Structure formats: structure tokens, C-alpha cells
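Asks: I'd like to ask some things about the structure below.
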Amino acid sequence: MLYAWYLANARDLPWRIGPADRARGARPDPYAVWLSEIMLQQTTVMHAAPYYLKFIQRWPSVSDLAEADDADVMAAWAGLGYYARARNLLKCARQVSDLGGFPDTVKGLKALPGIGPYTAGALAALAFNRSEAAIDGNVERVFARLLAETTPFPKAKSKLSIIVSSLVPEKTPAEFAEGLMDLGAMICTPKQPNCPACPLISLCQAYRQGDPQTYPVKAPKTPKPERSGHAFLLTHQGHLLLERRAQTGLLGGMLGVPGSTWTEQASADCEGAPIGADWTYRGDVRHVFTHFSLVLKVWQAEWSGQRGSANVHGEWVAYEDISGLPTVFFKAVKLLSQTSPISER
DNA sequence: AACCCGGGGCA
DNA sequence: TGCCCAGGGTT
């Protein structure tokens, strides 16, 4: 049932090969599958697709990516979020390049940076046609509904994983994986599932109960704390001071604007400024991270010293060359464009 | 097992 | 504007 639906309804995505070609034995480029799967972790197809096309054009093979400069890759990733993925992407590309290619088993794949149980299963099934399950959020939702699973997630994960793994077909694991993911993305959606169009409707216990959208059941979530801090836009003749953040921690390895630490209690005005200067308040920026929401007070000053001076550390970037900033800093820099034009991310 | 990591879509 | 979504790494 799922297989026939997949053949007729499979999404045509840039990193895929079509069901007809796959049935003839064609396999996608493991590099393309890997790149897409890393980008699709916590990210929608719609949002990841332009990034995928940009990456695959700029770095067409895993060895091209392995030889890329870290800063170029981080900048190209800017806006996708979860920047540890970009750091692991590079690490992984370099390991795979040294190995001479991707491992073709779940065990070998899972040993690589940035590849966990889901991505390992997806790559093994999609690129190497191994009989492995690729259990992502879509698949979990589909099965939580099929079985009307009342155990709240994430506790139900291991139980579902055993069931899904036992159902993977020997000959067509890729079609099974992509079929379930497409079903979850197109029909068995989180909010308003289109049950009448579902090929599995006769098997679905949640549908029989009349309340499919109440699954999967989730554990209650903890409230997000508030944090605040200051960001400093130090300008000098059409240039802005930016700094490379530490490799680990929040927004690690990304370019950012100087600032105070972000704390739960408001700090004094201009605390953490890169230099003493005549700072002008330019407004607030609000941004919500996974585990806290942030209010950033943005200050600006025109520097009177020389750009090459050792008094400040960081890099001076001309307004028109500013790119590769995480969204929170992009929002802050945008406050500057009220007086001077900054267009590109 | 619990916690650390963004950002976009949608009501 | 607030809520929802959701893999991997680290400890």
C-alpha cells in the first residue's frame, strides 16, 4: 500500500533519484544524500533546498568540501541554524575524504561526526540500499498514529524503533524510508492530517478513534527563561567591527558582533563594550533560541582611531561585505541600516 | 537520561 | 507574538 502510494506521489527533490530510476538499480550520490540529510536535521525541505543547491554547486564532491576554508563553509551555512552541524559537516567531509568514500554500513556511518542513528539509517537505506530503518520525526508521527501510541515522546522512541525496524523490506528499503517520510510530510502532517488521502487509513488506529492529530503524545515542556545583554556596533568610515566567536558553545565558530555575556539579570548599560566610546542606543533586538529568549540592547559608536590599530580586536568589514552572520546578529546589524544602507545577509 | 544547540512557519 | 517542530553531541 505504501509502496504504490510512493511510486505515484514521491516528492521530486534535488538530492533524490526518481522511483523509476531507483527501480532500475540507480543509486544517488552518497555525498548528495549526506549533505541533504545533515541540512534537513531540524530544518524543513523548503528552507534547506536553496542551501543545498548552493553547497552542491560550490563544492560538488566531498573532497571539494574537505578542502574548503572553515570560514567559507560557516558563512555559507549562516541562517540555517544549529551551527554545530556545519562544524561537524566539515570534520566529516575531511574524514570521508581521507577514507576514500563514505562507509556503507550503519555502524561505519554512525562513527562519523554529525551522523547519528537517523542519518546513518537514512544514508544506508537511500544511498546503499541496505535494509535499514530511517526514523525521523515524520516516521515517528506516522507510527504513533497508526498504533495510537499513548506513551509520551521521547519515551516511546525505543519501542517504535523496534517496530519500524522489523517492517523494513529487504529489497526496497529506500522506497520504504522515502515513502514514510513523504507520507509524514504531505499527508500525515502534525496539525491537519489529510486522512482521506492516506494509503494506510485502514490500518490507522488513531483515525479509527477519530483524533489522529492528538498523536504523537508529548511530555510537557519546561518554560523558557529570559536572558538579556548588550551588542556593540563599532563603526569606522563605512566599516563595522566583527569578531569570530569561540569554536564551542552557542553560535560557535560563527562571525558575530561584540557584546556582553547574556545573563538572566539585566546588566548595566554598555557593560562588555569592546572600547570606551560615546555609545548611542539604537534599539532592542529580540530573538528566541531553543532554550531561552533573548533581548539584546544594541549600541553604536563611530570610532575615532585607526582601523589597523591594536586597540580593538576583530575584523573590520565594509558594510556591503557583511555576510555570514547568524540571525540574531543580523537583526542587530540591521538597526544600523536605519542610518546607512546594509542589504545582503 | 538530561541537557545543549536556531530558525522558520503558522495560528 | 507565542507555539510548534525535531537529530546529534555532550555529560
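Rule-based calculations on the coordinates, nothing more; no lab input. Just so you know, these numbers come straight off a predicted model, no measurement behind them. Please note: Cβ atoms are built from the backbone with ideal geometry, for glycine as well, and neighbour counts cover all protein chains shown.
Asks: Using modelled backbone amide H atoms (1.01 Å from N, in-plane), which distant-in-sequence or interchain residues come within less than 5 Å of A:Met254's amide H?
Replies: A:Arg245
Asks: Another one. Dividing the convex hull volume of the Cα atoms of region A:1-120 by its residue count, what figure in Å³ per residue is obtained? Spell out each step's value before the answer.
Replies: Details: hull volume 14.2 nm³, N = 120.
For region A:1-120, the hull spanned by Cα atoms encloses 118 Å³ per residue.
Asks: Toward the positive end of the charge dipole of region A:1-72, about the Cα centre and with charges on Cβ (Lys, Arg +1; Asp, Glu -1), which of A:Pro19, A:Met46, A:Ala32 goes farthest?
Replies: A:Pro19
Asks: Another question, then. Under 5 Å between amide hydrogens, which residues at least 5 positions from A:Arg227 or on another chain qualify, with H placed 1.01 Å from N in the peptide plane?
Replies: A:Ser293, A:Leu294, A:Val295
Asks: Report the full-extension gain for the segment A:Glu320 to A:Ala185: residue separation times 0.36 nm, less the Cα-Cα distance, to one decimal in nm. Working shown, then result.
Replies: Values: separation 135, 0.36 × 135 = 48.60 nm, distance 3.84 nm.
Contour length minus Cα-Cα distance gives 44.8 nm.
Asks: While we're on this one: Quick one: 3J(HN,Hα) in Hz for region A:124-138, Karplus 6.51/-1.76/1.60 with θ = phi - 60°, rounded, Gly and Pro as x.
Replies: In residue order, the calculated couplings are 4, 6, 6, 8, 10, 6, 7, 7, 10, 8, 10, 9, 10, x, 4 Hz.
Asks: Of A:Gly252, A:Leu242, A:Cys195, which is farthest towards the positive pole of region A:189-300's charge dipole, taken about the Cα centre with +1 and -1 on the beta-carbons of Lys, Arg and Asp, Glu respectively?
Replies: The residue sitting farthest along the positive end of the dipole is A:Cys195.
Asks: As a test, work out the antiparallel percent of DSSP beta bridges whose residues both lie in region A:213-345, rounded to the nearest 5.
Replies: For region A:213-345, the DSSP antiparallel bridge percentage is about 65.
Asks: Under 5 Å between amide hydrogens, which residues at least 5 positions from A:His236 or on another chain qualify, with H placed 1.01 Å from N in the peptide plane?
Replies: The answer is A:Trp303.
Asks: Now, a different point. Among DSSP beta bridges whose residues both lie in chain A, state the antiparallel percentage, nearest 5.
Replies: 60
Asks: Okay, moving on. Per 0.36 nm of contour for each residue apart, how much would the distance between A:Lys54 and A:His291 grow if the chain were fully extended, relative to their Cα-Cα spacing?
Replies: 82.3 nm
Asks: How many percent of the alpha carbon pairs in chain A exceed a separation of 28 Å?
Replies: Tail of P(r) above 28 Å: 53 percent of Cα pairs.
Asks: May I ask you to derive the FRET efficiency for A:Ser61 and A:Gln192 from their Cβ-Cβ distance with R0 = 35 Å, giving the value to the nearest 0.05?
Replies: Details: r = 41 Å, r/R0 = 1.17.
Once the sixth-power term is evaluated, E becomes 0.30.
Asks: Between A:Ala71 and A:Glu170, what FRET efficiency comes out of the Förster formula 1/(1 + (r/R0)^6) with R0 = 41 Å and r the beta carbon distance, rounded to 0.05? Walk me through the numbers before you get to the answer.
Replies: Details: r = 45 Å, r/R0 = 1.11.
Once the sixth-power term is evaluated, E becomes 0.35.
Asks: What list of ³J(HN,Hα) couplings, whole Hz, do you get for region A:31-41 from phi and the Karplus terms 6.51, -1.76, 1.60, once you set θ to phi - 60° and write x for glycine and proline?
Replies: Using θ = phi - 60°, the values come out as 4, 5, 5, 4, 4, 5, 5, 5, 5, 7, 5 Hz.
Asks: What size of dipole, in debye to the nearest 20, comes out for chain A about its Cα centre when the only charges are +1 on Lys and Arg C-beta atoms and -1 on Asp and Glu C-beta atoms?
Replies: Magnitude of the dipole: close to 1020 debye.
Asks: Starting from the Kirkwood Rh over alpha-carbon pairs, what translational D in µm² s⁻¹ does region A:135-258 have by Stokes-Einstein at 37 °C and 0.692 mPa s?
Replies: Details: Rh = 18.0 Å.
For the chosen part, D equals 182 µm²/s.
Asks: Going down the list A:Lys110/A:Lys334; A:Lys159/A:Lys191; A:Lys218/A:Lys331; A:Lys107/A:Lys155; A:Lys110/A:Lys331, which pairs span over 29 Å between their C-alpha atoms? Mind dumping the intermediate values first?
Replies: Values: A:Lys110/A:Lys334 40 Å; A:Lys159/A:Lys191 23 Å; A:Lys218/A:Lys331 33 Å; A:Lys107/A:Lys155 24 Å; A:Lys110/A:Lys331 36 Å.
Cα-Cα > 29 Å for A:Lys110/A:Lys334; A:Lys218/A:Lys331; A:Lys110/A:Lys331; rest within.
Asks: Related question: In debye to the nearest 20, how big a dipole does region A:229-292 give about its Cα centre with +1 on each Lys and Arg Cβ and -1 on each Asp and Glu Cβ?
Replies: 260
Asks: Can you give me the C-alpha center-to-center distance between region A:144-212 and region A:287-338, rounded to a whole angstrom?
Replies: One Cα centre to the other: 45 Å.
Asks: Under a plain spin-label model, where a point goes 7 Å from the Cα along Cα-to-Cβ, how far apart in nm are A:Asp104 and A:Ala8?
Replies: 3.4
Asks: Here's a follow-up. Along the charge dipole of chain A, which of A:Ser158, A:Tyr6, A:Cys92 sits closest to the positive end, that is, farthest toward it, with unit charges on the beta carbon of Lys, Arg, Asp and Glu (+1, +1, -1, -1)?
Replies: Selected residue: A:Ser158.
Asks: Right, here's the next one. Residues of region A:1-20 with amide nitrogen under 19 Å from the 7 Å Cα-to-Cβ point of A:Ile201?
Replies: Inside the label zone: A:1-10.
Asks: What does the convex hull of the Cα atoms come to per residue for region A:66-119, in Å³?
Replies: Convex hull volume per residue, Cα atoms: 73 Å³.
Asks: Compute the FRET efficiency between A:Lys159 and A:Thr280 as 1/(1 + (r/R0)^6), taking r as their Cβ-Cβ distance and R0 = 45 Å, and round to the nearest 0.05.
Replies: Result of the calculation: an efficiency of 0.20.
Asks: Using Cα centres only, tell me the gap between region A:1-67 and region A:93-119 in whole Å.
Replies: So the two Cα centres are separated by 17 Å.
Asks: Might you report the magnitude of the Cβ-based charge dipole of region A:183-283 about its Cα centre, with Lys and Arg at +1 and Asp and Glu at -1, to the nearest 20 debye?
Replies: Result for region A:183-283 is approximately 540 debye, rounded to the nearest 20.
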